[in-house]
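Throughout, read-outs are computed from the coordinates displayed, never taken from laboratory work. Every value quoted in this text rests on a predicted model; they were computed, and no experiment measured them. Here the Cβ positions follow ideal geometry from the backbone for every residue, glycine too, while neighbour counts run over all protein chains shown.
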Amino acid sequence: MKSPLTLIALALTLLVGSPAARSAPVVYTGDLNGPADGTDSPGTGKTFVTYDDAAHTLRVQLTFQGLKPQTAGGQPSGTTAAHIHAPTAAALAGTASVATQTPTFSGLPLGVTSGSMDQTLDLTTASSWNASFISSAAGGNGSIATAEANFADYLASGRAYLNLHTTAHGGGEIRAFLVPVPEPAAMVLGPFGAIALLVRRRRR
């Protein structure tokens, strides 16, 4: 029969997990809109960005609709690019240069006012990044690995945003800062509940 301390240690192992578990992918999200990008666009969107530091990948999922249908001159408008920009000087505020793939995410549908994309970037390849983001990493002596490490920090500190550029708004029409998706409370409380249950049973 295992002692209560052994059972508690086992339950804590389930909570903390292995090193691999602790480096599980982190999901960020954001709701895109015009005012966040300083525009009067009626467009909206939703994004989920999943960073996997073990696989060195970045999955970008995006849906959008209702982008401004015409430019100021009355010409049809539509998407021209989408990027993640980083780092802003402060969390959840300001502007920054493009960090990710240029001239746009290759999976983005162009020339449309609504659509979606689901693209996974290999962060170990230069084509997944803006070249200037790599070169500016570590004070101008950067590498792809350093660029990824910096980018992970910018995501975690709320200094990265995703925006959509269009014909109507070449500098960006709708935007959202990326924030972590909260983990379900049950995922945190479950192991603690297991500890209490194991100890209670052992005392009977």
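The table below gives the values:
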| quantity | calculated |
| --- | --- |
| Inter-site label distance for Ser106 and Gln65 at 7 Å from Cα along Cβ, in nm | 3.0 |
| Cα→Cβ-extended label distance, 7 Å offset, between Asp153 and Ala55, nm | 2.6 |
| Region 25-184 - convex hull of the alpha-carbon atoms, volume per residue in Å³ | 104 |
| Charge tally in the Cβ shell below 10 Å around Phe177, where Lys, Arg are +1 and Asp, Glu are -1, Phe177 excluded | +1 |
